[in-house]
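Below is one structure; the comments refer to it alone.
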Amino acid sequence: AQTVTQSQPEMSVQEAETVTLSCTYDTSENNYYLFWYKQPPSRQMILVIRQEAYKQQNATENRFSVNFQKAAKSFSLKISDSQLGDTAMYFCAFANFGNEKLTFGTGTRLTIIP
Amino acid sequence: ETGVTQTPRHLVMGMTNKKSLKCEQHLGHNAMYWYKQSAKKPLELMFVYSLEERVENNSVPSRFSPECPNSSHLFLHLHTLQPEDSALYLCASSQRGGNRAKNIQYFGAGTRLSVL
């Protein structure tokens, strides 16, 4: 069974700074997908970024980028120029290729300080 | 309007009550999901419906009964719940298979359930 581990329960950073959230996972599969979801106080889980394991290039979405290290089974999220609206819970998630079943980590609560 | 809408936003019920949670998706997807989110625990997948057929049931107690009358609507019927069932219940949808499939699930804002 796959597992996803987020070792940082809480983090805080000053507005406009850069922050990196950690995620490691365990799987015996070769083809899979990795995700970062954001859950603000409104509670709606919002997709931040998605990585396909067969792609070596790290995914980027505006201020959000990932450092995907397949051999190390590591998938960290970097938020650049952090904004107050980035305050939220961030969840790392895993899905096997061809199977939309998501396995989530326990989340990291990120607070952006004005 | 968000793509996935859940009602009610909040629900308080006694252990002997019967209530239902509703989820509606406006994204044209063919799969829908129920998750349970408890404090300090990973999201737990409860049920998966694909093309209105239940394809996964993760050992959920029978006091939770899902219903998917069509590809846009999903219900979770609740009866004789326990206090430990208090949690945030999230609904999601995705497109399974075909060219549109990208393994992306879109979530609603959840129903905060309190069982007294």
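The values are calculated or read from the model by the stated rules, or taken from the named source; none is laboratory data. Predicted model only: the values in this text are computed from it and were never measured. Glycine also receives a Cβ, built like all others from the backbone with ideal geometry; neighbour counts cover every protein chain displayed. Ligands, DNA and RNA are excluded from the accessible area calculation, which covers all protein heavy atoms including side chains. Shrake-Rupley method; radii C 1.70, N 1.55, O 1.52, S 1.80 Å.
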- Message: Here is a list: B:Lys41, B:Lys22. Which entry is free of Cβ contacts under 8 Å to residues at least 60 places away in the same chain, facing chain A (nearest Cβ under 10 Å) and open to solvent by 60 Å² or more (accessible area, probe 1.4 Å)?
- Response: B:Lys41
- Looking at B:Phe75, B:Phe47, which is the one that is assigned to a strand (DSSP E or B) and away from chain A (no Cβ under 14 Å)? B:Phe75
- Task: Filter region A:1-15 down to residues that are modelled with pLDDT of 95 or more and open to solvent by less than 60 Å² (accessible area, probe 1.4 Å) and give me whichever is farthest from A:Ser74 (Cα to Cα).
- Result: A:Val13
- Item | B:Val4 being among the aliphatic types (A, V, I, L, M), in contact (Cβ under 8 Å) with a residue 40 or more places away in the chain and open to solvent by 10 Å² or more (accessible area, probe 1.4 Å) | no
- If we keep only residues of region B:25-38 that are out of contact with any Leu (no Cβ under 6 Å at 6 or more places or on another chain) and assigned to a strand (DSSP E or B), then the residue surrounded by the fewest Cβ atoms within 10 Å (Cβ to Cβ) is B:Lys36
- Query: Of the residues that make up region B:58-66, is at least one open to solvent by less than 40 Å² (accessible area, probe 1.4 Å), more than 14 Å from chain A (Cβ to nearest Cβ) and closer than 25 Å to A:Gly98 by Cβ?
  - Reply: yes
- Per the filter on region A:97-112, residues open to solvent by 30 Å² or more (accessible area, probe 1.4 Å) and at negative phi are A:Phe97, A:Asn99, A:Lys101, A:Thr103, A:Thr106, A:Arg109, A:Thr111
- Go through region B:104-116 residue by residue and tally those that are at the interface with chain A (Cβ under 9 Å from one of its Cβ atoms), part of a loop (DSSP other than H, G, I, E, B), open to solvent by 10 Å² or more (accessible area, probe 1.4 Å) and not β-branched (Val, Ile, Thr). 1
- Message: Among the residues of region B:78-97, are any within 12 Å of chain A (Cβ to nearest Cβ), open to solvent by less than 50 Å² (accessible area, probe 1.4 Å) and in a loop (DSSP other than H, G, I, E, B)?
- Response: yes
